[in-house]
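Trainee: Below you will find the structure I want to go over with you.
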């Protein structure tokens, strides 16, 4: 309403400026002097001479003879001017008389009508005022850190609703009004305003003995706190659970955060409570996470009692098979540095993680050392020989790739090896100096052997990952294979090997993960504690990863 009043006043002032000169003739500036210019000049000269003559009488500084001479000169000049003035007046009078005679000879003109009002101009101004009066406020109330202007009706309605909520919270800052405002900020993804308002809710509710704070305030505050304080976020979730013990989302989050904090007992209890709810009863991911937590528990207890190589390897194996490769390799590294530098399993799996992280040369060195410790390629687990063959292929060592891949085929069989046999044929063809590999069904540009588990990387002959990703964008099957490799290398640590979530949010079945524009932005630039990959992944790799997440994880099954 205030905006309307201001706009109306401004329009009225503008109307006044335009209309007053048209309606009030006295307010109009006079036109320039239309008298005869020669007559005006003669009259001014006459007046100047007369003033000079009068001033001579007061000039005591001049001698009498000098004053008399000047007076005689001025009087003579004044006489000339007066004669010229009379002559000019006579000329003008004669001209006016001739004009009057000519005018009297013409027919009498029609009587001029009075000055008409400029109705067209006034009509346009009236339309402008009416249009302005019909417009609502086109400036949204302040949202977050900026003021937004828009002409979209939906945006105006949302902004008006937010403004009303802000005013209601200012007038009466009780729990319902503050919660409504905080939820509006949450919906607008204004994290800073949402967090401060939810904290106001808790403060008001704590000071009001009439009831408990809403569980939703604690839960959303916890989600906003996760990027900066895991322990604090878990404490807020515990408070939310105390108010609403059956909320499935809260229970699952408690299980995940407790696992990330290393509190296995609390994690297991949280997952069990979640699986007991209707929403979590059929959640296979949560069940797998609970089994992992329960498996880690005894291994952790044994390691706390004795930090031996066997106990380190046992716990590392649990982590490795569950997809928590970083935690596993930390333990494998401790085995190698403190107990046995030739532990073949620890070396082989450390080499595999190095390959996944893009450190191909280091991966080859560690995997070769693992093969020596295991008594040859046949002594390595099949996954390790597959990775070693992939690493050799990226380096361009076809002979090494053939040896490693053949060891993998010998271990798992031709049928299980799948495309690896085709890769071997392509590498052998290149070694023989032929071009057969270029036309082979599987070969240098798009071959991915089936991995023993879901996290096996893509086997690529081409050393340029960007070129491989570019080719995958046009091949649905290759997109799945390359996307799985990129996800395992860059995302699985935080989001889980199957997208089930962990330190990062859950991606499986998550509609937001299906929004390609949102995922592309997060992958490229990062968000919260998640780093951006724009500097480490080529654009085609980012595009493959975005599509793969949308198709394989976010899409409903």
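Trainee: Might you check whether a residue that is outside any helix (DSSP H, G or I) and within 17 Å of residue 409 (Cα to Cα) occurs anywhere in the range 358-378? Steps first, answer last, please.
Mentor: So the first thing to find is which residues in the range 358-378 are outside any helix (DSSP H, G or I), and the list is 358-359, 374-376.
With within 17 Å of residue 409 (Cα to Cα) added as a condition, the list becomes 376.
Within the range 358-378 (the criterion being outside any helix (DSSP H, G or I) and within 17 Å of residue 409 (Cα to Cα)), the answer is yes, since at least one residue qualifies.
Trainee: Out of all the residues in the range 138-161, is one or more at pLDDT 85 or above and within 24 Å of the chain's Cα centre (by Cα)?
Mentor: There is at least one residue in the range 138-161 that is at pLDDT 85 or above and within 24 Å of the chain's Cα centre (by Cα).
Trainee: Shifting gears a bit: For the range 60-79, check the following and say yes or no: at least one residue is assigned to a helix (DSSP H, G or I) and within 17 Å of residue 36 (Cα to Cα).
Mentor: Within the range 60-79, not a single residue is assigned to a helix (DSSP H, G or I) and within 17 Å of residue 36 (Cα to Cα).
Trainee: Residues that are closer than 24 Å to residue 309 by Cα and surrounded by fewer than 23 Cβ atoms within 10 Å (Cβ to Cβ): does the range 395-403 have at least one?
Mentor: no
Trainee: Next up: Looking at residue 40 and the list (1) at pLDDT below 80; (2) surrounded by 11 or more Cβ atoms within 10 Å (Cβ to Cβ); (3) within 30 Å of residue 91 (Cα to Cα), which single condition is not satisfied?
Mentor: Going through the list (1) at pLDDT below 80; (2) surrounded by 11 or more Cβ atoms within 10 Å (Cβ to Cβ); (3) within 30 Å of residue 91 (Cα to Cα), residue 40 breaks only (1).
Trainee: May I pose another question? Would the range 423-432 turn up any residue that is within 47 Å of the chain's Cα centre (by Cα) and surrounded by fewer than 18 Cβ atoms within 10 Å (Cβ to Cβ)?
Mentor: no
Trainee: Just to verify a result, which residue in the range 178-227, among those that are touching a residue at least 40 places away in the same chain (Cβ under 8 Å) and out of contact with any helix residue (DSSP H, G or I) (no Cβ under 7 Å at 6 or more places or on another chain), is nearest to residue 494 (Cα to Cα)?
Mentor: 227
Trainee: Moving on. Which one of these is under 22 Å from residue 239 (Cα atoms), outside the structural domain of residue 508 (by TED's automatic domain parsing), surrounded by 16 or more Cβ atoms within 10 Å (Cβ to Cβ) and within 33 Å of the chain's Cα centre (by Cα): 275, 257, 264?
Mentor: On inspection, the qualifying residue turns out to be 257.
Trainee: Return the residues of the range 519-557 that are modelled with pLDDT of 80 or more and loosely packed, with under 14 Cβ neighbours inside 10 Å; say none if nothing qualifies.
Mentor: Within the range 519-557, just 539 meets the criteria.
Trainee: Which of the residues belonging to the range 418-444 are at pLDDT below 50 and assigned to a loop (DSSP other than H, G, I, E, B)?
Mentor: Once the filter is applied, which keeps residues that are at pLDDT below 50 and assigned to a loop (DSSP other than H, G, I, E, B), the range 418-444 yields 435, 440, 441, 442, 443, 444.
Trainee: Which residues, taken from the range 292-333, are touching a residue at least 60 places away in the same chain (Cβ under 8 Å) and crowded, with 18+ Cβ neighbours inside 10 Å?
Mentor: Passing the criteria: 322, 323, 324, 325.
Trainee: While we're looking at this one, here's another question. Any idea which residue in the range 225-243 is modelled with the lowest pLDDT, counting only those that are surrounded by fewer than 16 Cβ atoms within 10 Å (Cβ to Cβ) and in a loop (DSSP other than H, G, I, E, B)?
Mentor: This residue is 227.
Trainee: Taking the options 448, 470, name whichever one is under 24 Å from residue 487 (Cα atoms), within 44 Å of the chain's Cα centre (by Cα), surrounded by 14 or more Cβ atoms within 10 Å (Cβ to Cβ) and modelled with pLDDT of 85 or more.
Mentor: Being under 24 Å from residue 487 (Cα atoms), within 44 Å of the chain's Cα centre (by Cα), surrounded by 14 or more Cβ atoms within 10 Å (Cβ to Cβ) and modelled with pLDDT of 85 or more holds for just one of 448, 470, which is 470.
Trainee: Could you go through the range 258-270 and let me know if any residue there is out of contact with any strand residue (DSSP E or B) (no Cβ under 7 Å at 6 or more places or on another chain), in a loop (DSSP other than H, G, I, E, B) and more than 19 Å from residue 492 (Cα to Cα). First the steps, then the outcome.
Mentor: Taking the range 258-270 as the starting set, the residues that turn out to be out of contact with any strand residue (DSSP E or B) (no Cβ under 7 Å at 6 or more places or on another chain) are 258-270.
Next cut, in a loop (DSSP other than H, G, I, E, B) only: 261-263.
If we keep only those that are more than 19 Å from residue 492 (Cα to Cα) too, we end up with 263.
Yes: the range 258-270 contains one or more residues that are out of contact with any strand residue (DSSP E or B) (no Cβ under 7 Å at 6 or more places or on another chain), in a loop (DSSP other than H, G, I, E, B) and more than 19 Å from residue 492 (Cα to Cα).
The values are calculated or read from the model by the stated rules, or taken from the named source; none is laboratory data. Every value quoted in this text rests on a predicted model; they were computed, and no experiment measured them. So basically every Cβ, Gly included, is an ideal-geometry build from the backbone, and we count neighbours across all protein chains shown.
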